[in-house]
Amino acid sequence: MHYFSYKGRDFFCEETKVCSIAQKFGTPLYVYSKRTIFRHFHKIKEAFASINPLICYSVKANSNLSILNTLVREGAGLDIVSGGELFRAKKVNCPPQRVVYASVGKTDEEIKDAIKYGILLFNVESLGELAQINKIAGQLSENVDVTLRINPDIEPKTHKYITTGRKETKFGMDINTARKVFLKRGDFRFLKIRGVHIHIGSQITQSSPFIKAIKKVKGLIDDIKKEGINLKYFNIGGGLGIVYDKEKPQTAKVFADRVLPLLKAISLKTILEPGRFIVGNAGILITKVLYVKDTPSKKFIIVDAGMNDLLRPSLYEAYHRIVPLDRKPKTKDRRPKKADVVGPICESGDFLGKGRKLDVEKGDYLAVLGAGAYGFSMSSNYNSRRLTGEVLVDADKVYCIRERQNYSDLISKECIVT
Ligand SMILES: *Cc1c(COP(=O)(O)O)cnc(C)c1O
């Protein structure tokens with residue numbers, strides 16, 4: 001059951017005609033399906049039910065408060081990567097014992113705020129950070145639980161910009177360094193090192209890289225246990241891939257069936273940090289055709305959404321399906337030729353899709369699919385464009401969950417000096 005599909009000519013999100021959303025709220029606009037978010041969260045939950053993991057939704061994939069709130073009320077925890085995301089976690093009253101915090105560059109202020117909130121775990125990425133959290137914990141007279149983020153040096157077979165588990169990347173510590181830290185844990189008086197964390201990359205469609213990484217880390221966990229050190233948590237991160245085009249990613253069930261035997265053998269409390277898997281295919285970006293420009297060498301469909309609204313095609317050459325909200329009947333005289341779907345931004349890298357066959361004209365609406373993860377959350381004000389609005393669809397109801405910015409928002413923190 002897909003919550004984004006055509007009924008006749010019209011494209012629907014759940015029981016709502018998307019065209020009517022476009023007319024009411026304007027474009028560009030992000031549209032999310034609440035039922036899809038639920039469904040994906042529960043797919044993971046059910047697949048791993050036999051070990052009852054803590055599922056911490058990765059806030060950076062889509063950090064809208066309504067989405068966080070929806071997931072937190074459903075029992076999810078949150079995986080945060082900044083003080084701003086901690087602020088959001090507090091705003092939706094996420095119980096602190098369900099918050100985990102990773103980032104290679106946590107500032108003193110961020111560390112302090114997270115300790116004061118009483119988060120479950122810091123995922124620590126370096127020796128310097130370990131010392132710093134220990135120092136701040138001491139100043140606050142608190143004992144702080146941490147896990148060490150391990151860089152298992154695994155090739156996750158995904159785009160290089162979203163690879164995080166290779167030794168050349170800035171993330172985590174190598175296994176030997178981690179082992180030494182465990183043996184010298186007494187140096188960190190205010191810290192309890194409670195486990196290990198890995199997050200090897202994103203949009204990973206096969207289970208073999210996960211298996212390899214988990215096996216590598218299992219070696220470390222076994223060694224540590226032999227030293228008589230008691231661990232409590234094994235956080236295996238996020239990274240589950242989704243379908244954008246013709247990928248055949250593992251389902252949550254297949255993934256779980258492959259990793260569960262390993263996790264059961266390790267026998268620690270498992271933490272998962274899915275982001276894209278939960279929200280990626282729960283959101284679309286809708287946009288209006290401004291012009292169709294046929295040049296001698298190429299045809300362009302110029303739309304009102306650009307790389308500032310959805311950066312993934314420009315940044316990763318990511319593929320997103322693009323479909324019309326009104327599917328016109330096919331006739332012999334209408335044979336659309338291939339066109340690039342581009343935005344209004346002054347950059348040649350500003351495109352949403354290349355070489356697409358779309359039968360559209362000025363004023364038609366398009367939906368860019370699979371835009372729920374790393375869509376709005378990566379958007380910017382480049383070209384002084386206002387951040388788009390976001391709406392959440394629940395069956396036949398549409399809720400505005402973020403108003404489109406107005407022009408004064410663009411300059412609200414600026415001042416003119418003479
Ligand atoms: C980004 C991130 C995730 C989520 O990755 P997805 O590919 O969206 O599942 C999980 N954990 C950490 C530490 C991250 O940085």
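Structure summary
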quantity: Phi-based couplings in Hz for segment 388-394 (Karplus 6.51, -1.76, 1.60; Gly and Pro marked x); calculated: 6, x, 9, 10, 10, 9, 10
quantity: Cβ crowding within 10 Å averaged over residues, with 201-211, 124-134, 408-418 ranked highest first; calculated: 201-211, 124-134, 408-418
quantity: Charge context of ASN176, other residues only, Cβ under 13 angstrom, K/R +1, D/E -1; calculated: +2
quantity: Within segment 95-274: Cβ-based charge dipole about Cα centre, in debye rounded to nearest 20 (Lys, Arg +1; Asp, Glu -1); calculated: 560 debye
quantity: With Cα atoms, 0 to 90° folded angle of helix 252-266 axis to the chain main axis; calculated: 10 degrees
quantity: Rounded FRET efficiency, nearest 0.05, which uses the C-beta distance separating TYR399 from GLU46 and R0 of 35 Å; calculated: 0.85
quantity: Where TYR3, TYR291, TYR30, TYR233 fall by accessible area, highest first, once all protein chains stay in place (1.4 Å); calculated: TYR291, TYR3, TYR233, TYR30
quantity: Cα centre as origin, Lys/Arg/Asp/Glu Cβ charges: the chain dipole, Debye; calculated: 1100 debye
quantity: Cut-off under 5 Å, modelled amide H: who pairs with ASN308 long-range; calculated: none
quantity: For the chain, built as a Gaussian network whose Cα springs stay under 10 Å, the top-fluctuating residue of LYS91, LYS212, LYS112; calculated: LYS91
quantity: For segment 38-44, 3J(HN,Hα) per residue [Karplus equation, 6.51 cos²θ - 1.76 cosθ + 1.60, θ = phi - 60°, Hz, x = Gly/Pro]; calculated: 4, 4, 5, 4, 6, 4, 5
quantity: Amide H within-cut-off set for LEU191, under 5 Å, with H built and near neighbours excluded; calculated: VAL144
quantity: Fraction of antiparallel bridges per DSSP, the chain only, in percent to nearest 5; calculated: 50 percent
quantity: Within segment 68-126: Cβ-based charge dipole about Cα centre, in debye rounded to nearest 20 (Lys, Arg +1; Asp, Glu -1); calculated: 280 debye
quantity: Rounded percent of accessible protein surface that carbon and sulfur make up, the chain, 1.4 Å probe; calculated: 50 percent
quantity: Helix 208-226 vs. the chain, principal-axis angle (Cα, 0 to 90°, nearest 10); calculated: 20 degrees
quantity: Across LYS60/LYS253; LYS43/LYS330; LYS299/LYS397, pairs whose alpha-carbon gap is larger than 27 Å; calculated: LYS43/LYS330; LYS299/LYS397
quantity: Inter-centroid distance (Cα atoms) of segment 352-418 relative to segment 1-23, Å; calculated: 19 Å
quantity: Relative contact order (percent, whole number), the chain, Cα cutoff 8 Å, 6+ residue spacing; calculated: 20 percent
quantity: In sequence order, calculated HN-Hα J values of segment 400-411 (Karplus, 6.51, -1.76, 1.60; Hz; x Gly/Pro); calculated: 6, 10, 7, 6, 4, 5, 9, 5, 5, 4, 4, 10
quantity: Under 5 Å, built H, 5+ apart or other chain: amide partners of GLY237; calculated: ILE198, GLU273
quantity: Around LYS17: net Lys/Arg minus Asp/Glu count, Cβ-Cβ under 12 Å; calculated: -2
quantity: Estimated inter-spin distance, ILE411 and LYS248, nm [label 7 Å along Cα→Cβ]; calculated: 5.6 nm
quantity: Cα→Cβ-extended label distance, 7 Å offset, between SER5 and LEU65, nm; calculated: 3.5 nm
quantity: Full-extension gain in nm, SER267 to ARG35, via 0.36 nm per residue minus C-alpha separation; calculated: 80.3 nm
quantity: Probe 1.4 Å, protein heavy atoms only - accessible area per residue of segment 345-418 in square angstrom; calculated: 57 Å²
quantity: Signed unit charges on C-beta, dipole axis of segment 95-274, positive-most listed residue PHE171, GLY237, VAL254; calculated: VAL254
quantity: Angle in degrees between helix 127-139 and the longest Cα principal axis of the chain, rounded to the nearest 10; calculated: 70 degrees
quantity: Cα gyration tensor category, rounded, prolate or oblate, for the chain with a/c compared to 1.5; calculated: prolate
quantity: Of LEU220, LEU352, LEU121, the one that fluctuates the most in a GNM where the chain has Cα springs shorter than 10 Å; calculated: LEU220
quantity: Cα-based reach from LYS328 at 13 Å (exclusive), listing aspartates and glutamates while leaving out same-chain residues under 8 positions away; calculated: ASP10, ASP359, GLU361, ASP364
quantity: Candidates LEU310, LEU78, LEU191, ranked by Gaussian network fluctuation over the chain, Cα under 10 Å, top entry; calculated: LEU191
quantity: Within segment 95-274, percent of DSSP bridges classed antiparallel, to nearest 5; calculated: 5 percent
quantity: Stretchable slack from TYR319 to GLU142, in nm (0.36 nm times residue separation minus alpha-carbon distance); calculated: 59.0 nm
quantity: Mean residue ellipticity (222 nm) of the chain, computed from DSSP H runs ≥ 4 via -39,500 (n - 2.57), nearest 500; calculated: -8500 deg cm²/dmol
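The values are calculated or read from the model by the stated rules, or taken from the named source; none is laboratory data. The model shown is predicted, which means the values in this text are computed figures rather than measured ones. Methodologically, a virtual Cβ is constructed for each residue, glycine included, from the backbone with ideal geometry; neighbour enumeration extends over all protein chains shown. The protein model used for the area step is the full one, side chains on, heavy atoms only, and it has no ligands, DNA or RNA in it. Shrake-Rupley method; radii C 1.70, N 1.55, O 1.52, S 1.80 Å.
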